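Comments concern the structure below.
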Amino acid sequence: DEGLLTMDERICDAFEEYVPSNASKNLLDTRVRHMLTMTTGLNEPLFFADGPERYKVKDWIAHFFNAEFGHAPGERFLYSNFNTYILSCLVEKRAGVNLLEYLRDRLLEPLGIGNPDWTLCPKGHVHAANGLYLNIDELGNFGDMLLHYGEYKGKQLVPEYWIDEACRKQIDTPEAMNRYGYGYQFWMCRRPGAFQFNG
């Protein structure tokens, strides 16, 4: 709602300095909505936070933009931490502060999450896909906000329409992973209307 980014903007437009001269049409056509639904067209999921590459690759943004995008965006689901990480970097670019600082007064403090730690990449960007350290009460407050469509203690922290969109199936997922589908960074469950963070 603050207008920092839109669902249909192309990721390459925000990171022109990282786009290879021989970038594929698939990469060039990748949009914010594809990052949210894990449908960027990547051939491989790249590395996860605990992989050995985490200690060798210094520039994670460049690593993403130099990966192979063998599928048209929106065509197939492939879970990758890098989709979430690049979105974090996009928010940082637009807001002028990293994701943790951007969320601090808007979401975290109102939820009673005082001063959390969040894993950073070697360049200092918030990893975002994981590594946010919360206690069980803080996580419970976050869940309570989701169950009340973005409202917590009488204050609308996240727009209701966004929770509704994010927490329902946007794309089918492979049966081996979770056959119930995926929303915007949320996994769907067997029970109708149920969703989860899973990682």
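Things worth noting here:
- The fraction of accessible area contributed by carbon and sulfur in the chain is 49 percent, rounded to a whole number (1.4 Å probe; ligands and nucleic acids excluded).
- For the chain, alpha-carbon Rg over 2.2 N^0.38 Å: 1.02
- Neighbourhood net charge (12 Å Cβ-Cβ; Lys/Arg +1, Asp/Glu -1) for Leu111: -2
- FRET efficiency estimate (nearest 0.05) - Cβ-Cβ, Ala95 to Asp13, R0 25 angstrom: 0.90
- Think of a 1.4 Å ball rolled over the protein heavy atoms: the chain then has 54 Å² of accessible area per residue.
- Rounded to 10°, Cα long-axis angle of helix 136-147 versus longest principal axis of the chain: 90 degrees
- Most to least packed among 126-132, 1-7, 179-185 [average Cβ atoms within 10 Å]: 126-132, 179-185, 1-7
- Simple label model, 7 Å out from Cα along Cβ direction - Thr6 to Leu28, nm: 2.0 nm
- Anchor Lys25: aspartates and glutamates whose Cα lies under 16 Å away (excluding residues fewer than 8 positions away in-chain): Asp8, Glu9, Asp13, Glu16, Glu68, Glu75
The values are calculated or read from the model by the stated rules, or taken from the named source; none is laboratory data. Bear in mind that the values here come from a model prediction, so they are computed numbers and not experimental data. Cβ atoms come from the backbone with ideal geometry, glycine included; neighbour counts cover every protein chain shown. Remember, those area values only see protein heavy atoms, side chains included, never the ligands or the DNA or RNA. Shrake-Rupley method; radii C 1.70, N 1.55, O 1.52, S 1.80 Å.
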